[in-house]
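To keep things clear, I will list the structure first and then write my remarks on it.
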Amino acid sequence: MKHLESLNDKQKEAVLYTEGPLLIVAGAGAGKTKTLTHRIIHLIHQGISPESILAVTFTNKAAKEMRDRVMALLREPANGNPTYPIDGVPFVSTFHSLGVNIIKENAHLIGLTKHFAIADEHDAMVIIKDAMKAADIDPKQYEPRKIKSIISKAKGDFITSSTYGQNATSALQSIVARIWRDYERALKAEKALDFDDLLLETVLILKKYPEVKQSYQERFQYVHIDEYQDTNEVQYELVKLLVGKDENICVVGDTDQNIYSWRGANIKNMLHFEKDYPEAKIIMLEQNY
């Protein structure tokens, strides 16, 4: 098969292992993106519907690169015939784009419309500063950006405002809890979500509505996660909720490259993969290009 010719033995092993959980451990320059894209192509060659394949990564640039590579490979002739499928394409996106997609499709469940607004960093800071002013909290004593950062980190740790408020013990935590409540209320009034809500609300929907969760598990039968070592708690929860009973999940991680630790990434998610999926196969890509 032409799409396998350019792969080394370990890459080929990862591409051909299509059923059940798979952890690919790859250092920098080991061709992990190539392995993932060829694995997606191989699934399609095996007759898997492109639309049942999900691939998630962290940045728009990485998602675009993966999407472009997949489309280019799909257009390559196989046995003299173009292989580009007319019945759809794989869903390749960032975590946040996936969240937007799921929320749009289920917006009515959380009191939003499909055309909900997304508050950017500037919008969020304006709301927080207004909430602090209304509560007569001195921005010199409690820096608004720090409060926003604490809220963001908590959401990444899969903590809601009510849980945070219940567990607040220090003066700072009590202030954050109060501002967070007002901040959430203001977003709700605007029918808006902030960037962190795109993941938190997605996970809450999938947890609260089993039939919605099941519909995505049936839609995305083959799940691929790039840079798995960089997932935080809420992303980790999202991945677990999307994986169906067949556990067709393939994650790629590099234990040396936990670059998002400042953003709450949790390398234990990668180390726990075998615990989460006891049947997991592990393949090391060690050849550096």
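Scan (1) of a type outside the set (Gly, Ala, Ser); (2) under 24 Å from Asn269 (Cβ atoms); (3) surrounded by 14 or more Cβ atoms within 10 Å (Cβ to Cβ) for the single condition Asn167 breaks and write down its number.
The failed condition is (3).
Among the residues of segment 179-201, which ones are among the acidic types (Asp, Glu) and under 19 Å from Ile102 (Cα atoms)?
Listed by number, the residues that qualify are Asp194, Asp196, Asp197, Glu201.
Every residue in segment 37-62 that is under 19 Å from the mean Cα position of the chain (by Cα), among the aliphatic types (A, V, I, L, M) and modelled with pLDDT under 95, please.
Matches in segment 37-62: Ala62 only.
Which one is nearest to Asp230 (Cα to Cα), of the residues in segment 27-42 that are out of contact with any strand residue (DSSP E or B) (no Cβ under 6 Å at 6 or more places or on another chain) and part of a helix (DSSP H, G or I)? Lay out the reasoning, then the answer.
Here is the first cut: in segment 27-42, the ones out of contact with any strand residue (DSSP E or B) (no Cβ under 6 Å at 6 or more places or on another chain) are 27-29, 31, 33-35, 37-39, 41-42.
Filter once more, so that each one left must be part of a helix (DSSP H, G or I): 33-35, 37-39, 41-42.
Values: Thr33: 15, Lys34: 19, Thr35: 19, Thr37: 19, His38: 22, Arg39: 21, Ile41: 25, His42: 26 Å.
The selected residue is Thr33.
With a cut-off of at least 2 residues that are free of Cβ contacts under 8 Å to residues at least 12 places away in the same chain and over 21 Å from Lys281 (Cβ atoms), name the helices (runs of 4 or more DSSP H) lying wholly within segment 145-260. So that I can check it myself, show each step before the final result.
Details: elements: 161-166, 171-189, 197-208, 210-219, 233-242.
By residue number, 161-166, 171-189, 210-219.
Can you go through Ile44, Ile48, Ile53 and tell me which one is in contact with a Pro (Cβ under 8 Å, 6 or more places away or on another chain), farther than 30 Å from Leu172 by Cα and open to solvent by 20 Å² or more (accessible area, probe 1.4 Å)? Please lay out each step first, then the result.
Working: Ile48 fails: in contact with a Pro (Cβ under 8 Å, 6 or more places away or on another chain); Ile53 fails: open to solvent by 20 Å² or more (accessible area, probe 1.4 Å).
Only one candidate qualifies: Ile44.
Looking only at segment 72-112, how many residues end up being under 27 Å from Thr202 (Cα atoms) and either open to solvent by less than 50 Å² (accessible area, probe 1.4 Å) or at pLDDT 95 or above (or both)?
The total comes to 24.
Taking segment 7-19, which residues are within 15 Å of Lys32 (Cα to Cα), part of a loop (DSSP other than H, G, I, E, B) and in contact with a His (Cβ under 8 Å, 6 or more places away or on another chain)? Don't jump to the end; show me each part of the working.
We begin by selecting, within segment 7-19, every residue within 15 Å of Lys32 (Cα to Cα); these are 7-17.
Those still in the list that are part of a loop (DSSP other than H, G, I, E, B) too: 7-8, 17.
Within segment 7-19, Leu7 is the sole residue that qualifies.
The values are calculated or read from the model by the stated rules, or taken from the named source; none is laboratory data. Values in this document were obtained by computation on a predicted structure and should not be read as measured data. Here Cβ is always computed from backbone atoms with ideal geometry, including for glycine, and neighbour counts include all displayed protein chains. Heads up: the accessible areas ignore ligands, DNA and RNA and are worked out on the full protein's heavy atoms, side chains in. Shrake-Rupley method; radii C 1.70, N 1.55, O 1.52, S 1.80 Å.
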